[in-house]
1. Starting from segment 8-19, keep only residues that are farther than 14 Å from Val31 by Cα, then list their pairs with residues that are part of a helix (DSSP H, G or I) and hydrophobic (A, V, I, L, M, F, W, C) whose Cβ atoms are within a distance under 8 Å, requiring at least 6 positions of separation or different chains.
2. Scanning for something of a type in the set (Val, Ile, Thr), at pLDDT 95 or above and closer than 20 Å to Lys42 by Cβ, does segment 81-94 turn up at least one residue?
3. Could you list all residues from segment 1-54 that are under 15 Å from Thr116 (Cα atoms) and of a type in the set (Phe, Trp, Tyr)?
4. Could you grab me the full set of residues in segment 17-61 that are among the β-branched types (Val, Ile, Thr) and part of a helix (DSSP H, G or I)?
5. Out of the residues in segment 64-117 meeting the condition of being free of Cβ contacts under 8 Å to residues at least 12 places away in the same chain and within 17 Å of Pro48 (Cβ to Cβ), tell me which one is least open to solvent (accessible area, probe 1.4 Å).
6. Could you list, in sequence order, the residues of segment 95-109 that are under 15 Å from the mean Cα position of the chain (by Cα) and in a helix (DSSP H, G or I)?
7. Sort out which residues of segment 1-16 are exposed (fewer than 13 other Cβ atoms within 10 Å of the Cβ) and either in contact with a Cys (Cβ under 9 Å, 6 or more places away or on another chain) or at pLDDT 95 or above (or both), and write them in order of number.
8. Condition first: open to solvent by 60 Å² or more (accessible area, probe 1.4 Å) and over 18 Å from Gln17 (Cβ atoms). Now tell me which residues in segment 32-55 satisfy that.
Amino acid sequence: MTASKIMVVDDSAVDLQYLKLIIEGAGYQVVTASSGREAVEKARATRPDLILMDVVMEGGDGYEACRAITSDRETGKIPVIFVTSKSQKADRVWAELQGGRGLISKPYSADEIIRTIAAI
C-alpha cells in the first residue's frame, strides 16, 4: 500500500504542527485531529491511508479511538501507528491489542516518521 493521505492525531498543538510539517515536507497530504473522538469522525469522512495517533489525549484517548476505527466496517483497514511517550514493552503490547500496527516513541526523529510511513 502506498500512503498519500496521513491523519495526525494529537491534543498538543505543538506536536500536531511538528508532525504535520514533517509529513507535508515529505510530500504527503495531512489531515489533523486533536482528540480521539475527532479522529474517529475524520477517519470516516476523509478515509486516510494511515493514522499517526497519540495515546494520552483529552476527548477520547488514542486506544479508544483505535478500537473504534479498526473495528468499524468502513475504516477497519486503515493502519494506526501510535506516536506516544508511553514506550514500555507493556505499552507496545497493549497498543497492538487495541488494533495498532506499531508504536513510535517520543521523542522521535523526522526520519523515523517518514520511514514508518514508507513502510506501510
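The values are calculated or read from the model by the stated rules, or taken from the named source; none is laboratory data. It should be emphasised that the depicted structure is a prediction, and the values quoted were computed from it without experimental measurement. Heads up, the Cβs are rebuilt from the backbone with ideal geometry, glycines too, and the neighbour counts pull from every protein chain shown. These area figures cover heavy atoms from the full protein model, side chains too; ligands, DNA and RNA do not enter into them. Shrake-Rupley method; radii C 1.70, N 1.55, O 1.52, S 1.80 Å.
1. Sorted first by the residue in segment 8-19, then by its partner, the list stays empty.
2. yes
3. Tyr28, the sole residue that qualifies.
4. Of everything in segment 17-61, those that are among the β-branched types (Val, Ile, Thr) and part of a helix (DSSP H, G or I) turn out to be Ile22, Ile23, Val40, Thr46.
5. Gly76
6. If the condition is that a residue be under 15 Å from the mean Cα position of the chain (by Cα) and in a helix (DSSP H, G or I), then Ala95, Glu96 are the ones that fit.
7. Residues satisfying the conditions are Ala13, Val14.
8. Arg37, Glu41, Arg44, Ala45, Arg47
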